[in-house]
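Data block below; observations after.
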Amino acid sequence: MSSEKISTITPVILCGGSGTRLWPLSRRTAPKQFMSLGEEPSLFQQALKRLDDNDIYGPPVILTNSDYRFQVAEQAHQIGVKLCGILLEPTARNTAPAIAAAAKYIQTLNQTDLIHVLPSDHLIVDDEAFRSAIETAAKTAMNDYLVTFGIKPSEPATGYGYIKAGETLNSGAHRVAKFIEKPPIEKAKVMLSEGGHSWNSGMFLFKTDVFLRELQAFEPNIIKAVSTAVDEAVIDLDFVRLDPVSFDKSPNISIDYALFERTQKAAVIPAAIQWSDIGSWKSLWENRPGDKNGNVVSGSATFSESKNNMIVTEGQHVALNGVSDLTVVATNDALLISTMERSEQVKDIVSLLKEDPDTRILTEEHKTIYRPWGGYTSILNGERYQVKRLFVTPGKKLSLQKHKYRSEHWVVVSGTAEVTLDEKLITLVENESVYIPLGAVHRLANNEEKLLEVIEVQSGSYLGEDDIIRIEDDFGRGRTY
C-alpha cells in the first residue's frame, strides 16, 4: 500500500461452505477450505496468511458453523494467527445475513471503519496486483462506496457471474453498470470481446456503517434479525454463538441479490488478480505446477506415456500407463477416476452416492475424523465391534465420559497416556493397555510433548458416537463429539 494511512481493515472470512465439488477429498464434514494437499497450508490457512499484515489488517472475524468451529480455531492456531472472533451461524441463511451479522459484531467492538469480506476457499496470489486492488478499494470505500472485486477474465467461462464496469471514479474504481448471471457460452464470448466485464469474485470492501445503512434500506428484516442475534449471542469458549431464534428469522438471500444489485453505491475494481475459486479438480490442476508432461501430483505416482493428468493420493501409489487428461483421486475409502473435463461434474457422482444408504457416508465424512483434542481413524467395523486409531495432540485430553452400551480396550502404540478410570489415575506407555468396562467413568489425556497414538477396540450392542455421556469437557461440548 501507499504511505497514505487510510484505515485498518477488519477481514471477514466466510468459512461455512460444505461443498463437495472436490470429492472424495472434500466432504460435508471436511470441506475444501480445510483441505491440505501434501505439506501445503489449507486454503483457509492461506487466506489467513494473506491477511496477516498489521499495517493493513486487524485480526479477522470468521463466519462459520458449529460443525467447523474447532477446525477453524485449530488451523488458525497452527499458523499463529490471532482471531478477532469466531461467529457461529445456527442455520445457513446465505451471505447477506452472515455478512450483516459480522458487521454488527464488529460495530459492537468499535473495531474498524472498513471491512474486507472474502471467501475462505479461493486461491489468490498475494502479489502487487492484489495489494494494489486492496488499496484502490479502501480509498473508494472511504468515499462511501460498497466495493466489489472483479477478476479480469482469462476465458469465456460460464461458471461465474459477471460485472459490467460503468463510469470511472476518482479512486480508479468504476461504478457498477450491471450484474450479469452466469451466462451461456455465446454471451460469455461476446462480453469477453467487448471488454469492460469481469468475473464476480465474491469479495467486498466497505465501511461498516454505510453497508448496514444501505442494507437497512433494502432488507430491513435482515438487519432486525441479525441485530437481535448479535445482541443475544452467547459466548462459548472462543466462539460467539449467534442467537438461533433471531437469526433464523432473517431472509435467506445472497449479498448480491439483497444489496449489490439494488444499491446506487456499488463500485467495482477490475483487478488483474491471480485468482481461482477452485471449483473443480480441473481448476486445481490449472493452478498447480506440473511436470514436463503436464501431470500434477499430490502424493506418490508414476507415469508412462501419460500427460495432463491430475493425481491426488493419500497413501496408495498411483501408476498411469498411456492415458491422458484424467483426474484420479484416491483416499483411504474411495477412488475417483474421471476425465478432466467431466471432473467439473463430480457433483453428479455425489448425488448418486447420497441416494444409496450404503454409500451416503462417503459424502459425509472421511475415515479420519478430527476433534479438538486430535481425532480418530476408523480401521475395522463389525456388527458388535469396532477398531479405531486415536491420536491425541500434546497437552489435550478427551472429555470425562462413560458409555451405556459399549466397553473399550486401549493399547498405547506411541507416546504416553494418562488414563482416568473411575477413581484411579493410570499412566501407560508404548505396548501397555487398559480395559474400560461398560459404564466406567474414563478419560484419555496426553500431557507430553509428543503425539499420543492409541488403538481402541470397542465391543457392545451399540457403537454409535452418540453413546457418550459427557461428565466434564475442556471444549464446552454437549453430549457427543
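The number of residues in segment 137-175 being open to solvent by 10 Å² or more (accessible area, probe 1.4 Å) and either aliphatic (A, V, I, L, M) or assigned to a loop (DSSP other than H, G, I, E, B) (or both) comes to 19. Whether any residue in segment 20-40 is at pLDDT below 80, aliphatic (A, V, I, L, M) and closer than 23 Å to Leu335 by Cβ is what I want to check. Yes, there is a match, as at least one residue in segment 20-40 is at pLDDT below 80, aliphatic (A, V, I, L, M) and closer than 23 Å to Leu335 by Cβ.
Of all the listed residues (Phe179, Phe211, Phe206, Phe218), the sole one being open to solvent by 40 Å² or more (accessible area, probe 1.4 Å), within 19 Å of Asp256 (Cβ to Cβ) and in contact with a helix residue (DSSP H, G or I) (Cβ under 7 Å, 6 or more places away or on another chain) is Phe218. State whether one or more residues within segment 429-440 are in contact (Cβ under 8 Å) with a residue 40 or more places away in the chain and out of contact with any His (no Cβ under 8 Å at 6 or more places or on another chain). Checked segment 429-440: no residue is in contact (Cβ under 8 Å) with a residue 40 or more places away in the chain and out of contact with any His (no Cβ under 8 Å at 6 or more places or on another chain).
Are any residues in segment 136-169 among the polar types (S, T, N, Q) and touching a residue at least 24 places away in the same chain (Cβ under 8 Å), and if so, which ones? The answer is Thr136, Thr140, Asn143, Thr148, Thr158.
Of the residues making up segment 300-334, those that are within 16 Å of Gly290 (Cα to Cα) and among the charged types (D, E, K, R) are Glu305, Lys307, Asp325. Among the residues of segment 241-260, those identified as under 30 Å from Phe475 (Cα atoms), of a type in the set (A, V, I, L, M, F, W, C) and crowded, with 18+ Cβ neighbours inside 10 Å are Leu242, Phe247.
Only one of the listed residues (Val210, Val226, Val240, Val245) is farther than 23 Å from Tyr145 by Cα and out of contact with any Leu (no Cβ under 6 Å at 6 or more places or on another chain). That residue is Val245.
Being part of a strand (DSSP E or B), of a type in the set (A, V, I, L, M, F, W, C) and at pLDDT 95 or above is the filter; apply it to segment 449-470 and report the residue that is farthest from the chain's Cα centre (by Cα). Filtering first and then ranking leaves Val457.
Picking from residues in segment 38-55 that are more than 13 Å from the chain's Cα centre (by Cα) and open to solvent by less than 20 Å² (accessible area, probe 1.4 Å), the one that is nearest to Glu341 (Cα to Cα) is Arg50. Among the residues of segment 84-113, the ones that are within 23 Å of Gly476 (Cβ to Cβ) and either in contact with a strand residue (DSSP E or B) (Cβ under 6 Å, 6 or more places away or on another chain) or not in a loop (DSSP other than H, G, I, E, B) (or both) come to 11 in all.
Looking at segment 122-135 only, could you name the residues that are out of contact with any strand residue (DSSP E or B) (no Cβ under 9 Å at 6 or more places or on another chain), touching a residue at least 12 places away in the same chain (Cβ under 8 Å) and not basic (Lys, Arg)? Within segment 122-135, Asp126, Asp127, Glu135 meet the criteria. Considering the conditions (1) surrounded by fewer than 15 Cβ atoms within 10 Å (Cβ to Cβ); (2) more than 34 Å from the chain's Cα centre (by Cα), Ile436 is excluded by exactly one of them, (1). Of the residues making up segment 373-418, those that are outside any loop (DSSP other than H, G, I, E, B), open to solvent by less than 60 Å² (accessible area, probe 1.4 Å) and of a type in the set (Val, Ile, Thr) number 5. Regarding segment 79-93, can at least one residue be identified that is surrounded by fewer than 22 Cβ atoms within 10 Å (Cβ to Cβ), closer than 30 Å to Ser338 by Cα and not acidic (Asp, Glu)? There is no residue in segment 79-93 that is surrounded by fewer than 22 Cβ atoms within 10 Å (Cβ to Cβ), closer than 30 Å to Ser338 by Cα and not acidic (Asp, Glu).
Scanning segment 48-74 for residues that are within 15 Å of Gly17 (Cβ to Cβ) and part of a helix (DSSP H, G or I) turns up Ser66, Asp67, Tyr68, Arg69, Gln71, Val72. Return a yes/no flag: does segment 300-317 have any residue that is over 30 Å from Pro24 (Cα atoms) and aliphatic (A, V, I, L, M). No, segment 300-317 has no match at all. Of all residues in segment 441-470, those that are touching a Ser or Thr at 6+ places or on another chain (Cβ under 7 Å), open to solvent by 30 Å² or more (accessible area, probe 1.4 Å) and touching a residue at least 40 places away in the same chain (Cβ under 8 Å) total 5. In segment 4-19, the residue that is modelled with the highest pLDDT out of those that are assigned to a loop (DSSP other than H, G, I, E, B) and touching a Phe, Trp or Tyr at 6+ places or on another chain (Cβ under 9 Å) is Cys15.
The values are calculated or read from the model by the stated rules, or taken from the named source; none is laboratory data. It should be emphasised that the depicted structure is a prediction, and the values quoted were computed from it without experimental measurement. No Cβ is skipped: glycine too gets one built from the backbone with ideal geometry, and neighbour counts run over all protein chains shown. Surface accessibility is based on the protein's heavy atoms, side chains included, excluding ligands, DNA and RNA. Shrake-Rupley method; radii C 1.70, N 1.55, O 1.52, S 1.80 Å.
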